[in-house]
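Input: a single structure, listed below in structure tokens.
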Amino acid sequence: MKQNNLEKKIRKLKEKRRAIILAHNYQLPEVQDIADFLGDSLELSKKAAQVDAKVIVFCGVHFMAETASILCPDKKVIMPDITAGCPMAKMITAKKLRRLKTTYPEATVVGYVNTSAEVKAELDYCCTSTNALAVMEALRDRSQIIFIPDKYLAHYVSQKIHKKLIVWDGYCPTHIKILPQDIKREKKLHPKSEIIVHPECLPEVIEMADAVLSTSKMCQYVKSSKAKEFIVATEVGIIYRLKKENPNKEFYPATERAICPNMKKITQEKILWALEELKEEVKVKEEIRIRAIRPIENMFKVI
Ligand code: 13P
Ligand code: SF4
């Protein structure tokens, strides 16, 4: 593939800095094209910890870069746009969670990876959209479970494991834009399509799914499925990767309105500036980091 000037400069500087570019599956095509590795939230942090690099250029939202910093404190994690945050992660704070914990002192506390490092420091277990069900199945026998912050992910796992949870009132403003009528309309237009849905979607949308999957699991699923067409109920940025990896298959976004504006803040220009100035660094304070890594380690122990 032909590289533009900007891409050439980024690749050269990346080598000089011993840097690696990680990008979430929702990033703009120009960012996906320059990335060394694409993935979902946890895959990217795990990759950050594994790679032999001094600098991690994290193209995603803030909690993802923080998770990378928690897992690899020896590397410099920088974000090309530090203002790219996740509104769902901001719906709960450590203080609010501590208050909830005093109401339910016996409860096991499970938190979605879409949370700040301070909130992770208050958790017993972390989970991701890939493993939420497996983590919750492993904890099914606990007398009480608090699940934060996504009430729709909580609803999905609660139904699957047949257990009532203590739920926080958080949600993803992007995924709730996908409505059952969008799926119905697209299915009418493309009747042979399989419907793949992210678990952050509304329960009515999840009910219509052929498969409920995290972003990277969607990428794996479409490769192995016999279907040739897919209705994709998640942020629209993933369609670029799906199409690139499966040129003979067709992908229809459930709705073009499902855009995460924070995921679109990062551009090739900003990646170049970040590499030039080695900024903005995302660094979790050590006293928070050692508490925040525990629920992540606990998650790996039970799945
Ligand atoms: P994934 O971990 O499935 O990539 O989800 C992250 C996210 O923020 C979805 O909105
Ligand atoms: Fe957060 Fe939703 Fe954007 Fe994912 S799509 S980063 S959950 S706001």
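Every read-out reported here was derived from the displayed coordinates using simple, explicitly stated rules and does not represent laboratory data. All of these numbers come straight from a predicted model, not from anything done at the bench. Cβ coordinates were reconstructed from backbone atoms using ideal geometry, including for glycine residues, and neighbour counts include every protein chain displayed.
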What share of the DSSP beta bridges in the chain is antiparallel, in percent to the nearest 5?
-> 5
The stretch 59-191: relative contact order as a whole-number percent, Cα under 8 Å and 6+ apart | 21
Computed magnitude of the charge dipole of the stretch 211-303 (debye, nearest 20; Cβ of K, R +1, Cβ of D, E -1) = 380
Test item: Cα-centred dipole of the stretch 81-187, Lys/Arg +1 and Asp/Glu -1 on Cβ, debye = 300
Lys/Arg +1, Asp/Glu -1 at C-beta; the chain dipole; positive extreme among P199, Y112, L71 = L71
Classify the chain as rounded, prolate or oblate, taking a ≥ b ≥ c as the square roots of the eigenvalues of its Cα gyration tensor: rounded when a/c is under 1.5, otherwise prolate if a/b is larger than b/c and oblate if not.
-> oblate
Rounded to the nearest 500, what is the 222 nm mean residue ellipticity of the chain from helices alone, with -39500 (n - 2.57) per DSSP H run of 4+ residues and division by all residues?
-> -12500 deg cm²/dmol
Can you pull out the GluC sites (Glu not before Pro) in the stretch 28-116 that DSSP calls coil and that have at most 12 other Cβ atoms within 10 Å?
-> E106
Taking 0.36 nm per residue of separation and subtracting the Cα-Cα distance, what length does fully extending K285 through K12 add?
-> 95.1 nm
Considering the dipole of the chain built from charges on the beta carbon (Lys and Arg +1, Asp and Glu -1) around the Cα centre, which of A121, L133, W168 is farthest to its positive end?
-> A121
Roughly how many debye, to the nearest 20, is the charge dipole of the chain about its Cα centre, given +1 on each Lys and Arg Cβ, -1 on each Asp and Glu Cβ, and no other charges?
-> 280
Tally Lys and Arg at +1 and Asp and Glu at -1 over the other residues with C-beta under 13 Å from the C-beta of E276: what net charge comes out?
-> +4
Roughly speaking, what is the centre-to-centre gap between the stretch 132-190 and the stretch 246-274 when only Cα atoms are used, to the nearest Å?
-> 24
Using 1/(1 + (r/R0)^6) with R0 = 30 angstrom and r between the beta carbons of Y104 and I303, what's the FRET efficiency to the nearest 0.05?
-> 0.80
Rounded to the nearest 0.05, what FRET efficiency is calculated for S143 and D210 with R0 set to 35 Å and r the Cβ-Cβ distance?
-> 0.50
